[in-house]
1. Output the residues belonging to the range 23-51 that are assigned to a strand (DSSP E or B) and either in contact with a helix residue (DSSP H, G or I) (Cβ under 6 Å, 6 or more places away or on another chain) or without any contact (Cβ under 8 Å) to a residue 40 or more places away in the chain (or both).
2. For residue 196, are the conditions met, namely being without any contact (Cβ under 8 Å) to a residue 24 or more places away in the chain, under 26 Å from residue 38 (Cβ atoms) and in a helix (DSSP H, G or I)?
3. Pick from the range 137-150 the residues that are under 19 Å from the mean Cα position of the chain (by Cα) and more than 13 Å from ligand 2 (Cβ to nearest atom): which of them is nearest to residue 293 (Cα to Cα)?
4. Is the range 323-340 home to any residue that is within 16 Å of ligand 1 (Cβ to nearest atom), surrounded by fewer than 21 Cβ atoms within 10 Å (Cβ to Cβ) and touching a residue at least 12 places away in the same chain (Cβ under 8 Å)?
5. Residue 152 versus (1) within 13 Å of ligand 1 (Cβ to nearest atom); (2) touching a helix residue (DSSP H, G or I) at 6+ places or on another chain (Cβ under 8 Å); (3) in a helix (DSSP H, G or I): which is the lone unmet condition?
6. Taking the condition of being touching a helix residue (DSSP H, G or I) at 6+ places or on another chain (Cβ under 7 Å) and either assigned to a loop (DSSP other than H, G, I, E, B) or within 16 Å of ligand 2 (Cβ to nearest atom) (or both), how many residues in the range 156-167 meet it?
7. In this structure, does residue 271 turn out to be within 16 Å of ligand 2 (Cβ to nearest atom), assigned to a helix (DSSP H, G or I) and at pLDDT 95 or above?
Ligand code: KG4
Ligand code: ZN
């Protein structure tokens, strides 16, 4: 083994994630028990259902995480766990589990901010992946994290230090995808469904508004959501569809065009501000993370603009952009190396910020 071996636990939202990370970057195993199917019928996450599902899956996920790694408890250097932000009941399941394991096996406990985990996914290497083929992010950098719960842009001049540049003043980008996905009758989660629907668009002239928020690095998606609601209502009226019957859906071609227009607007504001920040601050690389980073159009456009500026863009593969244990291990390993240790009274912090301005 080379470098510290960290067991990491993520349960802040609707994925139960357990991973083993070696030497700060290398994934030995990364098990994610997804609750997407469980929450799909209600069109969103029901906190108590999520917490109970973590309770159900956390031990099987741990058992699976050890399998095939050749590692044992005695090889382990520390146990990292997400302590916020997230759903209190869900966080408590992971934190309590981590504490019990740390106590029983006499290992240090490391508390990790979920948002820091999304940033550190940018350092991860898959098992067997060539480190040279996946260069590390270089400082100074800007990190854009876009998920169902969060949308923020931060500057990093070194490991584990952040300056918040901008955030959403209302909905998170992923939340906007989810809400508009529902409006379009595409189900939950809306992000992947909108991307798929937009791929089928033959016309690309629908234009949704962009909230530029002056020259700040902040975003606002509530106006876009209202515009989408209005446009969908108009399209339904034009088709003679009842306003409140979800079973009566718009023609696929209309859904595709509206999905394309919405996605175009979100991607435009995210990319424009991130690139401007990178230029303003003299960044050498950009990290893109969070569930919305799985969006192919966002990835492609940011890649194109970063390349034109000679900036290194680091985007984890989609499975490491959505919630997982490995990203908590990557951040936890850095915190472990920096001497960070959590006390046994570690508590859930549902609104834990990454950094202040
Ligand atoms: O990071 P994540 O798994 O959970 C949170 O911490 O929120 O992000 C989930 C969010 C959901 O809103 C989902 O719709 C969005 O990420 N998402 C996408 C795509 N895949 C997932 N949004 C746009 N395009 C995608 N391909
Ligand atoms: Zn997340």
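The values are calculated or read from the model by the stated rules, or taken from the named source; none is laboratory data. The model shown is predicted, which means the values in this text are computed figures rather than measured ones. Every residue, glycine as well, gets a Cβ built from its backbone with ideal geometry; the counts of neighbours run over all protein chains shown.
1. Hits for the range 23-51 are 27, 29, 30, 31, 33, 34.
2. So residue 196 fits the description; yes.
3. Looking at the filtered set, the residue picked out is 144.
4. The answer is no, given that none of the residues of the range 323-340 is within 16 Å of ligand 1 (Cβ to nearest atom), surrounded by fewer than 21 Cβ atoms within 10 Å (Cβ to Cβ) and touching a residue at least 12 places away in the same chain (Cβ under 8 Å).
5. (3)
6. The qualifying residues number 2.
7. Criteria not met by residue 271.
Residues are listed down the side, and each one gets a yes or a no for (1) under 19 Å from residue 125 (Cβ atoms); (2) at pLDDT 95 or above; (3) in contact with a helix residue (DSSP H, G or I) (Cβ under 8 Å, 6 or more places away or on another chain):
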position: 297; (1), (2), (3): no, yes, yes
position: 311; (1), (2), (3): no, yes, yes
position: 329; (1), (2), (3): yes, yes, no
position: 339; (1), (2), (3): no, yes, no
position: 345; (1), (2), (3): no, yes, no
